[in-house]
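Have a look at the structure below, then the notes.
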Amino acid sequence: MKLISKLLAFIAINLIFFVSAALAIPPIQRLTLNNSASAYLIETKVLPIIDIEVIIDAGSRYDPPNKTGLAALTASLLNLGIQSGKKIISEAAIADEIADLGASLSVMASGERATMRIRSLSRADLRQRVVELGATILAHPRFEAKIVEREKQRLIAQLLDAETKPEYILERQFKKAVFRDYPLGSSATAQSIAQIQVSDLKQFHQLFYRSDRITVNLVGDIDRQEATQIAQALLLQLAATGPDIASLPKLTESPVESASARVTQIAFDAQQTHIAMGMTAIPRNDPDYFPLLVGNYVLGGGGFVSRLMNEVREKRGLAYSVSSYFIPGKNVGIFQAGLQTRNDQAGLALGVMRETIARFINEGPSAADLVAAKANLSNGYPLRIDSNRKLLDNLSSITWNNLPLDTLETWTKQIEAITVEQVRQAFQKHLAMNRMQTVVVGASITAPK
């Protein structure tokens with residue numbers, strides 16, 4: 001433990017040197033494994049640590065209709081007890097081992113995927129122990145009945161509490177309004193969690209947690225050979241393949257509808273009304289990603305310099321904050337704009353937000369707006385890659401979305417090449433006001449025409 005403390009102190013002292021080193025963007029290396037998984041490495045020698053991510057194509061989009069939350073519950077239970085043969089390791093023993101190694105390990109599932117993340121000192125004996133533990137957690141979760149029931153009750157309590165909060169109700173209903181019957185439109189409920197049994201968890205794990213559905217990303221103080229060994233060791237205990245998995249249904253983009261059909265109003269007794277509007281949008285690998293990114297900085301992603309902030313807050317004082325953003329995924333994305341405002345001015349605030357977005361779709365940014373947006377995005381890029389974790393986040397996006405491996409190196413060049421006309425064309429191609437869904441939680445308003 002003394003040695004680990006000294007190494008951690010060394011890390012803290014050397015953090016100051018990381019930013020300058022990060023400016024020289026290290027290349028992404030594709031690794032060759034002896035199984036059906038994919039693996040990638042960004043080698044950085046500034047700090048004696050490694051960050052590892054195991055991506056499993058096992059997100060909540062694969063949840064059964066009446067058991068929404070199964071993917072998330074499966075992931076959260078992986079490190080709460082393991083059993084390999086007759087060997088059983090409790091959740092307390094797992095936590096103690098990780099702490100003794102000065103490491104961290106977490107597992108979670110989102111809409112598209114499940115992820116395990118490991119951080120460890122790069123010293124061979126320490127990293128080997130945490131990798132071996134991670135491999136066993138991935139392959140042999142115990143799903144002990146009493147722990148499953150405990151976690152179900154904890155999650156149910158969280159959901160029941162969340163259902164009393166307007167921001168949670170807004171996001172759940174907005175997701176449902178935009179995605180409709182597509183799996184990403186479903187949200188876990190107390191009822192769906194209660195339906196999940198130990199057998200469901202075991203079946204889901206067996207079906208989805210296998211090498212041919214996995215990508216391993218590594219960042220840090222290891223070379224190519226060491227990274228390959230780590231990736232293979234992590235997956236050694238998993239099946240290479242498995243039975244065919246039913247294809248996901250095709251997403252139908254947000255349809256053209258009447259104004260009243262596109263507004264969902266939910267009464268809620270509070271002083272503030274919460275509003276979200278948006279529609280389906282592009283996946284991350286769409287060629288229009290960069291024009292939409294730059295354009296949205298002008299529209300609602302640039303904080304106090306954005307059009308929405310200027311029209312809604314600065315000119316009219318209708319909301320403290322208003323923003324818009326694109327959330328592109330592997331197969332589909334979403335555009336969302338939103339604000340909170342006083343109940344008596346909810347209709348006016350929504351109207352101004354709608355008018356501002358509609359005007360931007362029609363006109364696009366000015367030349368001056370575009371120059372400022374590109375400068376802010378490009379100049380801020382070093383802050384997106386100034387740590388191992390941020391590099392891992394970027395690597396994760398690149399490998400999950402099948403982007404070119406030189407994306408980190410070309411990112412600013414692609415930003416700087418965007419023109420006003422490209423932004424205007426991209427917004428007009430992918431967004432339309434008569435397809436925008438609006439969800440209002442709070443005061444009742446008159447549906448916009």
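Just a few scattered comments:
- Selection status of LEU234, more than 30 Å from HIS430 (Cα to Cα), assigned to a helix (DSSP H, G or I) and without any contact (Cβ under 8 Å) to a residue 40 or more places away in the chain: no
- A single member of SER247, SER187, SER258, SER254 is small (Gly, Ala, Ser) and at pLDDT 95 or above, and it is SER187.
- Residue match in segment 79-98 (condition: hydrophobic (A, V, I, L, M, F, W, C), within 24 Å of the chain's Cα centre (by Cα) and either surrounded by fewer than 20 Cβ atoms within 10 Å (Cβ to Cβ) or assigned to a helix (DSSP H, G or I) (or both)): no
- Exactly one residue out of ILE445, ILE415, ILE398 is modelled with pLDDT under 95 and either of a type in the set (A, V, I, L, M) or not assigned by TED's automatic domain parsing to the domain that holds HIS274 (or both), and it is ILE445.
- Residue satisfying condition, being outside the structural domain of LEU403 (by TED's automatic domain parsing) and over 21 Å from the mean Cα position of the chain (by Cα), within set THR273, THR252: THR252
- Candidates in segment 25-54 are the residues that are of a type outside the set (Val, Ile, Thr), part of a loop (DSSP other than H, G, I, E, B) and in contact with a Phe, Trp or Tyr (Cβ under 9 Å, 6 or more places away or on another chain); of these, the one that is modelled with the lowest pLDDT is LEU47.
- Hey, LYS374 charged (D, E, K, R), under 25 Å from ARG113 (Cβ atoms), modelled with pLDDT of 95 or more and part of a helix (DSSP H, G or I) or not: no
- With respect to the stated conditions, ILE275 is in contact with a helix residue (DSSP H, G or I) (Cβ under 7 Å, 6 or more places away or on another chain) and either free of Cβ contacts under 8 Å to residues at least 12 places away in the same chain or not in a loop (DSSP other than H, G, I, E, B) (or both).
- Summed over segment 360-392, the residues that are over 19 Å from ILE25 (Cβ atoms) and touching a residue at least 12 places away in the same chain (Cβ under 8 Å) give a count of 13.
- Criterion: within 23 Å of LEU47 (Cα to Cα), out of contact with any Pro (no Cβ under 7 Å at 6 or more places or on another chain) and among the hydrophobic types (A, V, I, L, M, F, W, C) - qualifying residue of LEU184, LEU218: LEU218
- Every pair of residues 6+ apart whose Cβ atoms lie under 7 Å, when the first sits in segment 134-151 and is under 19 Å from LYS86 (Cα atoms) and among the aromatic types (Phe, Trp, Tyr) while the second is part of a helix (DSSP H, G or I) and modelled with pLDDT of 95 or more: PHE143/LEU77; PHE143/VAL198; PHE143/LEU201; PHE143/LYS202
- Residues (of a type in the set (Val, Ile, Thr) and not in a helix (DSSP H, G or I)) located in segment 383-442: ILE385, ILE418, THR419, THR438, VAL439, VAL440, VAL441
- Residue within segment 292-301 that is assigned by TED's automatic domain parsing to the domain that holds GLN422, assigned to a loop (DSSP other than H, G, I, E, B) and surrounded by 19 or more Cβ atoms within 10 Å (Cβ to Cβ) present: no
- Segment 100-123: number of residues that are without any contact (Cβ under 8 Å) to a residue 60 or more places away in the chain and either over 25 Å from ALA233 (Cβ atoms) or not in a strand (DSSP E or B) (or both): 2
Table: residues versus (1) under 16 Å from GLU43 (Cα atoms); (2) surrounded by fewer than 19 Cβ atoms within 10 Å (Cβ to Cβ); (3) out of contact with any Asp or Glu (no Cβ under 7 Å at 6 or more places or on another chain).
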| site | (1), (2), (3) |
| --- | --- |
| TYR381 | no, yes, yes |
| LEU391 | yes, no, yes |
| THR399 | yes, no, yes |
| THR412 | no, yes, yes |
| ILE418 | no, no, yes |
| ALA432 | no, yes, yes |
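- GLY338 vs. criteria over 30 Å from PRO48 (Cα atoms), at pLDDT below 95 and in the same structural domain as GLN437 (by TED's automatic domain parsing): no
The values are calculated or read from the model by the stated rules, or taken from the named source; none is laboratory data. Since we're looking at a predicted model, the values are computed, not measured. Cβ: placed from backbone, ideal geometry, glycine included. Neighbour counts: every protein chain shown.
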